[in-house]
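See below for the structure under consideration.
Just so it is clear, none of the values below were taken in a lab; they were calculated from the coordinates. As the structure is a prediction and not an experimental result, all values here were calculated from the model. For neighbour counting, all protein chains shown are included, and Cβ atoms are generated from backbone atoms with ideal geometry for every residue, glycine included.
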Amino acid sequence: MAAPVGEVPTNANAQCPGTASEQAGKASSCKGCPNTAACSSTPKGPFGEVPSNANAHCPGTASDQAGKADGCKGCPNAAACASAPKGPDPDLEHIAARLSTVKHKVLVLSGKGGVGKSTFSAQLAFALAAQGKEVGLMDVDICGPSIPKMLGIEGEEIHQSNMGWSPVYVQDNLGVMSIQFMLQSPDEAVVWRGPRKNGLIKQFMKDVHWGDLDYLVIDTPPGTSDEHISIVQFLLASGSLDGALVVTTPQEVAVADVRKEINFCKKVKIPCLGVVENMSGLEQPLGQFKFLDRSGGEEKDVTAEVTAALQQLGPQWADLIARTEVFAPTAGGGEHMAKAMNVPFLGRVPLDPSLGRACENGKSAFEEDSGVISQAALKQIVDKVIQQCNPGAGGGCKK
């Protein structure tokens with residue numbers, strides 16, 4: 001299913017191309033839809049988020065600068081955009097109504113890509129669901145959606161009901177929404193400008209029917225982009241936002257960007273629930289290592305010899321955990337930064353090959369047969385997240 005362009009009416013057919021699409025009311029999926037006549041006759045252009053004939057740096061038709069910005073000079077839509085009525089976004093009321101059945105909303109942020117933010121989001125959702133909570137996981141990393149792969153639901157499609165878009169369910173109490181479900185191929189690139197990405201995020205917020213949820217986890221893109229501002233705006237409009245979890249790795253090149261992420265939280269006035277230091281040292285059972293001898297100039301596999309020597313220690317030798325600091329000069333960088341910025345430090349998750357395999361296979365790290373070393377660390381962090389969202393014995397959000 002291709003990504004829709006523009007709005008999708010709540011009573012539209014399952015594969016609606018979107019009201020701003022050139023195929024609106026004409027595509028084969030529009031047959032029998034009650035909106036076909038209206039969509040096919042609706043004028044396209046300056047009424048969408050970004051008109052198809054707009055200049056390269058169009059600020060978006062809903063922007064206060066629409067028709068006035070430097071990027072609007074010479075645009076054929078400038079006059080229409082400048083005179084279009086501005087005011088409160090009516091969709092914010094719809095978002096507030098849609099998310100009113102969600103008890104806790106948690107953003108997962110990272111200052112830099114590749115630090116394991118989506119891995120943590122996936123395992124947080126798995127862990128909450130394993131405790132019997134009703135959980136939703138919203139993947140708003142529009143250009144790099146990896147959540148479906150990590151939850152084993154790649155290739156699924158979004159379905160439309162009279163209640164709105166239905167999430168894809170991993171299990172009865174764990175639903176997922178991602179643009180990945182809307183792409184024809186997992187390898188399809190999403191080449192969109194900011195306003196169009198924001199438009200899809202808004203649709204996820206107002207059109208997805210989650211039902212009653214205990215937790216909605218939102219996996220965001222790395223950095224502090226326009227999408228993050230929109231996400232926060234939409235969530236705050238819903239009435240409450242528990243806060244943000246920030247994921248980093250220990251080295252200073254990642255921690256430096258996390259400082260900006262925490263300052264972003266302060267500027268938009270959302271609580272930072274805590275920092276998670278991922279890839280905090282490599283840990284692996286000794287029996288899973290391959291041993292190599294390169295002393296003679298050539299590489300020789302000496303695993304059998306080393307194994308035979310280690311077996312003299314007893315049958316438990318293979319279960320011993322070997323650990324090394326991958327980022328030794330800056331080990332513990334996430335914790336030091338959290339302390340300096342006066343935000344909670346939730347814990348460290350080691351660089352664990354078995355956790356990587358679990359994510360590749362779309363499995364939970366908390367399954368009994370997975371043998372994931374990082375289970376204990378993840379569980380402690382998840383417990384702290386629950387405590388942050390439910391201070392004391394009662395409910396509510398930590399503000």
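What distance in nm separates the simple spin-label points at ASN361 and ILE321, each placed 7 Å from Cα in the Cβ direction?
2.0
In µm²/s, what is D for the stretch 118-199 at 20 °C and 1.002 mPa s, where D = kT/(6 pi eta Rh) by Stokes-Einstein and Rh is the Kirkwood radius from Cα pairs?
Values: Rh = 13.4 Å.
The estimated diffusion coefficient comes to 160 µm²/s.
Want the number for SER28 to ASN162: 0.36 nm per residue separation, take away the alpha-carbon distance, what's left?
This chain segment gains 46.2 nm when fully extended.
Treating cross-link reach as a plain straight distance, find the lysines whose alpha-carbon is under 23 Å from the alpha-carbon of LYS68, omitting any fewer than eight places away in the same chain.
Cross-link targets: LYS44, LYS86, LYS197.
Return, for the Cα atoms of the stretch 157-246, the radius of gyration and Dmax in Å, separated by a comma.
Both quantities, over Cα of the stretch 157-246: 13.7, 37 Å.
Given H placed on each backbone N at 1.01 Å, which residues far from ASN278 in sequence or on other chains put an amide H within less than 5 Å of it?
Counting only residues 5 or more places away or on other chains, the set is THR248, THR249, VAL349.
So who's got an amide H within less than 5 Å of the one on LYS112, skipping anything under 5 residues away but keeping other chains? H placed 1.01 Å off N, in plane.
GLY223
Tell me the label-point distance for the pair ASP383, GLN312, using the 7 Å Cα-to-Cβ offset, in nm and rounded to one decimal.
According to this spin-label approximation, the distance is 4.1 nm.
Could you work out how much longer the chain between SER100 and GLN131 gets when fully extended? Use 0.36 nm per residue separation minus the Cα distance between them, nm to one decimal. Mind showing how you got there, number by number?
Working: separation 31, 0.36 × 31 = 11.16 nm, distance 2.23 nm.
Using 0.36 nm per residue and subtracting the Cα-Cα distance, I get 8.9 nm.
Reported to two decimal places, what Rg/Rh ratio describes the stretch 240-399 when computed on Cα atoms with Rh from the Kirkwood expression?
For the stretch 240-399, the value is 1.09.
Which of LYS339/LYS363; LYS206/LYS339; LYS105/LYS206 have a Cα-Cα distance over 26 Å? Walk me through the intermediate numbers first.
On the way: LYS339/LYS363 33 Å; LYS206/LYS339 37 Å; LYS105/LYS206 15 Å.
Beyond 26 Å: LYS339/LYS363; LYS206/LYS339.
By average Cβ neighbour count within 10 Å, what is the ranking of 103-112, 305-314, 119-128 from highest down?
Details: 103-112: 23.3, 305-314: 11.7, 119-128: 25.6.
Put in order of decreasing packing, that is 119-128, 103-112, 305-314.
Sorted by packing (mean other beta-carbon atoms within 10 Å per residue), highest first, where do 292-301, 212-221 land?
Those peptides, ordered most packed to least, come out 212-221, 292-301.
Give me the number: length gained by fully extending ASP70 to LYS290, i.e. 0.36 nm times residue separation minus the C-alpha to C-alpha distance, one decimal in nm.
73.2 nm
At a Förster distance of 30 Å, what's the computed FRET efficiency of ALA304 paired with ALA376, Cβ-Cβ distance as r, to 0.05?
Working from the Cβ atoms, E equals 0.45.
Skipping prolines and chain starts, which residues have an amide H placed within reach, meaning under 5 Å, of the one on HIS104, given they are 5 or more residues away or on another chain?
The list, which skips near neighbours in sequence, is TYR215, LEU216.
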